[in-house]
Amino acid sequence: MAKKPVKQTKANKVEDMRVKSDDQLSGDLAELKREAFNLRFQAATGQLERPARIKEVRRDIARIKTLQGERARAAN
């Protein structure tokens with residue numbers, strides 16, 4: 001019997017993001033913004049398969065922006 005992939009928890013996502021460099025976070029942010037844009041279009045045309053993905057992407061964007069803000073405040 002095959003094991004199901006383990007869903008990454010919120011704490012694990014944040015820890016993974018904290019290890020990344022500023023450039024990697026910026027790249028991830030750009031990629032997530034592009035995905036959010038595409039998901040909005042899919043929703044508008046009725047082609048969206050997983051509506052919950054919009055919420056996931058939006059929250060991941062917020063996590064990255066929060067980390068960037070923390071790093072900016074720590075640098076000053």
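Read-outs: derived from the displayed coordinates by stated rules, not from any lab. Note that the structure is a prediction, hence the values are computed from the model and not measured. Cβ placement follows ideal geometry from the backbone for every residue including glycine, while neighbour counts extend to all protein chains displayed.
With the requirement that a residue be in contact with a helix residue (DSSP H, G or I) (Cβ under 9 Å, 6 or more places away or on another chain) and either assigned to a helix (DSSP H, G or I) or surrounded by 15 or more Cβ atoms within 10 Å (Cβ to Cβ) (or both), what does segment 43-65 give you? Across segment 43-65, the qualifying residues are ALA43, LEU48, ARG53, ILE54, VAL57, ARG58, ARG59, ASP60, ILE61, ARG63, ILE64, LYS65. Scanning segment 66-76 for residues that are assigned to a helix (DSSP H, G or I) and exposed (fewer than 12 other Cβ atoms within 10 Å of the Cβ) gives GLY69, GLU70, ALA72, ARG73, ALA74, ALA75.
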